[in-house]
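K.L.:
Sharing a structure, written as structure tokens. Questions coming.
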Amino acid sequence: MMKQLVFTIVFLFFFSFAFAQIPHGDLDNYKREWIAVQENARPLIGIRSFTVMGSKYYLIVDPMTLETRIVDSKLLKVRSRDSVQVNKSLIGTVYASCFSIARKTENNLQDAGLNFRLPKESGINLTIDLCPSHKPLDKDIFEDVLSAFKGLDSTLPLAVSVSGKWLLNHPSDLAWLKSLEKKGIEITWINHTYDHVFNNKPLSSNFLLSQGTNLSYEILANEKLMLKNGLMPSVFFRCPGLVSDRAIIEKLLSFGLIAVGSDAWLAKGQPVHNGSIVLIHGNGNEELGVRDFIRLLQTESDAIKAKHWTLYSLSEGLEQYSN
């Protein structure tokens, strides 16, 4: 009995700090939540809940920094479960501003959500999409970033949009990506759906707009798989093909997720400006985009060495839009 108690305590302790070790099957009743909670005196928002060995956990969001974490429910005080009150508690926060930004473009067929230059300073927001692919990871992207900024920045933020079908087929590439943290690369993990549905139809009937697509499943199944593989889901979501409609954006918002578009999809020849949200695919299927990005690093080499050009995280600069 004592051995079992000790095992349970150790198990829960390590889950709090290393949720990556929890087998997929042990995340029970993983579901959407929308509640206002408090950790000590800090107001937070719970967007998911699940249980492990009978104990309940929340995926929580700091509404000012947009940081996400897994927290034991016993460490939180529930302030409200009423959606109206929860929404009111967000007034004036960066999180609420992101909702407003997303709604301004929610009728776009392509590129809804965050799709503009941010924070409009010298540098870019680098986003790398990992759609399903049988080809290996384009490691050159990451290696060239490390080389370009060697000895200059202790942390290099970038965002990786990961699909479930890519995760399932690239365990060694994922392990390599995770190892980059020790080298200073700080990855924001973006949900890119579980299946990443694609067909040969027009955009209005393609990707998430394909007939029969279950968006709730695409969101939750991928988040569970991300957690299984040691990845912390962020509040950001990248629609496959950047394709969506009003109903999809509203659904994402109801799940606490902010769509991330791009104003500089390199393979499409879109120019890069200061603060651009740059999009390249690192799944081996976009040689042109990868080549253009490496050329961009070379072009900005002197500015990088002079610390006049850098990489930003997606949450930087959003505070200027807070209500």
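The values are calculated or read from the model by the stated rules, or taken from the named source; none is laboratory data. Note that this is a predicted model, so its numbers are computed, not measured. With ideal geometry, Cβ positions are generated from the backbone for all residues, glycine too; neighbour counts draw on all protein chains shown. Note: accessible area is taken over every heavy atom of the protein model, side chains too, but ligands, DNA and RNA are not part of it. Shrake-Rupley method; radii C 1.70, N 1.55, O 1.52, S 1.80 Å.
K.L.:
Taking the range 165-193 as the region of interest, how many residues are within 13 Å of the chain's Cα centre (by Cα) and either open to solvent by 10 Å² or more (accessible area, probe 1.4 Å) or in contact (Cβ under 8 Å) with a residue 60 or more places away in the chain (or both)? Let's see the steps before the verdict.
P.N.:
Initially, the range 165-193 is screened for residues within 13 Å of the chain's Cα centre (by Cα), giving 186-193.
Checking the rest, the ones that are also either open to solvent by 10 Å² or more (accessible area, probe 1.4 Å) or in contact (Cβ under 8 Å) with a residue 60 or more places away in the chain (or both) come to 186-192.
Summing the residues that are within 13 Å of the chain's Cα centre (by Cα) and either open to solvent by 10 Å² or more (accessible area, probe 1.4 Å) or in contact (Cβ under 8 Å) with a residue 60 or more places away in the chain (or both) in the range 165-193 gives 7.
K.L.:
Report every pair of residues separated by at least 6 positions or lying on different chains whose Cβ atoms are under 9 Å apart, first residue within the range 198-219 and under 20 Å from Ser254 (Cα atoms) and of a type in the set (Asp, Glu), second open to solvent by 30 Å² or more (accessible area, probe 1.4 Å) and in a helix (DSSP H, G or I).
P.N.:
Close Cβ pairs satisfying both conditions: none exist.
This table checks each residue for (1) closer than 21 Å to Leu318 by Cα; (2) outside any strand (DSSP E or B); (3) at pLDDT 95 or above.
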residue: Glu33; (1), (2), (3): no, no, yes
residue: Arg48; (1), (2), (3): no, no, yes
residue: Ile60; (1), (2), (3): yes, no, yes
residue: Leu66; (1), (2), (3): yes, yes, yes
residue: Lys88; (1), (2), (3): yes, yes, yes
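K.L.:
Looking only at the range 115-138, how many residues end up being buried (at least 23 other Cβ atoms within 10 Å of the Cβ) and in contact with a strand residue (DSSP E or B) (Cβ under 6 Å, 6 or more places away or on another chain)?
P.N.:
7
K.L.:
Quick one: in the range 28-65, which of the residues that are charged (D, E, K, R) and farther than 13 Å from Lys224 by Cα is most open to solvent (accessible area, probe 1.4 Å)?
P.N.:
Of the residues in the range 28-65, the ones charged (D, E, K, R) are 28, 31-33, 39, 42, 48, 56, 62.
Within this subset, residues satisfying the condition of being farther than 13 Å from Lys224 by Cα are 33, 39, 42, 56, 62.
Numbers: Glu33: 23, Glu39: 37, Arg42: 89, Lys56: 67, Asp62: 15 Å².
By that ranking, first place goes to Arg42.
K.L.:
Keeping to the range 191-207, report how many residues are in contact with a strand residue (DSSP E or B) (Cβ under 7 Å, 6 or more places away or on another chain) and over 16 Å from Tyr217 (Cα atoms). Give the derivation first.
P.N.:
So the first thing to find is which residues in the range 191-207 are in contact with a strand residue (DSSP E or B) (Cβ under 7 Å, 6 or more places away or on another chain), and the list is 191-192, 203, 206-207.
Now restrict to residues that are over 16 Å from Tyr217 (Cα atoms): 203, 206.
Qualifying residue count, the range 191-207: 2.
K.L.:
A further question follows. How many residues does the range 275-297 hold that are more than 18 Å from Trp166 (Cα to Cα) and part of a loop (DSSP other than H, G, I, E, B)?
P.N.:
2
K.L.:
Within the range 157-164, identify whether any single residue is touching a residue at least 40 places away in the same chain (Cβ under 8 Å), part of a loop (DSSP other than H, G, I, E, B) and open to solvent by 10 Å² or more (accessible area, probe 1.4 Å), and answer yes or no.
P.N.:
So in the range 157-164, the residues touching a residue at least 40 places away in the same chain (Cβ under 8 Å) come out as 157-164.
Among the residues that remain, those that are also part of a loop (DSSP other than H, G, I, E, B) are: 163.
The next check asks that each one be open to solvent by 10 Å² or more (accessible area, probe 1.4 Å); those that pass are none.
Checked against the condition, which is being touching a residue at least 40 places away in the same chain (Cβ under 8 Å), part of a loop (DSSP other than H, G, I, E, B) and open to solvent by 10 Å² or more (accessible area, probe 1.4 Å), the range 157-164 yields no hits at all.
K.L.:
Kindly indicate which of Ala259, Ala264, Ala221, Ala247 is among the hydrophobic types (A, V, I, L, M, F, W, C) and open to solvent by 60 Å² or more (accessible area, probe 1.4 Å).
P.N.:
Values: Ala259 fails: open to solvent by 60 Å² or more (accessible area, probe 1.4 Å); Ala264 fails: open to solvent by 60 Å² or more (accessible area, probe 1.4 Å); Ala221 fails: open to solvent by 60 Å² or more (accessible area, probe 1.4 Å).
Ala247 is the lone residue from the list that is among the hydrophobic types (A, V, I, L, M, F, W, C) and open to solvent by 60 Å² or more (accessible area, probe 1.4 Å).
K.L.:
I need the full set of residues from the range 71-86 which are open to solvent by less than 20 Å² (accessible area, probe 1.4 Å) and part of a helix (DSSP H, G or I), in order please.
P.N.:
Once the filter is applied, which keeps residues that are open to solvent by less than 20 Å² (accessible area, probe 1.4 Å) and part of a helix (DSSP H, G or I), the range 71-86 yields only Val86.
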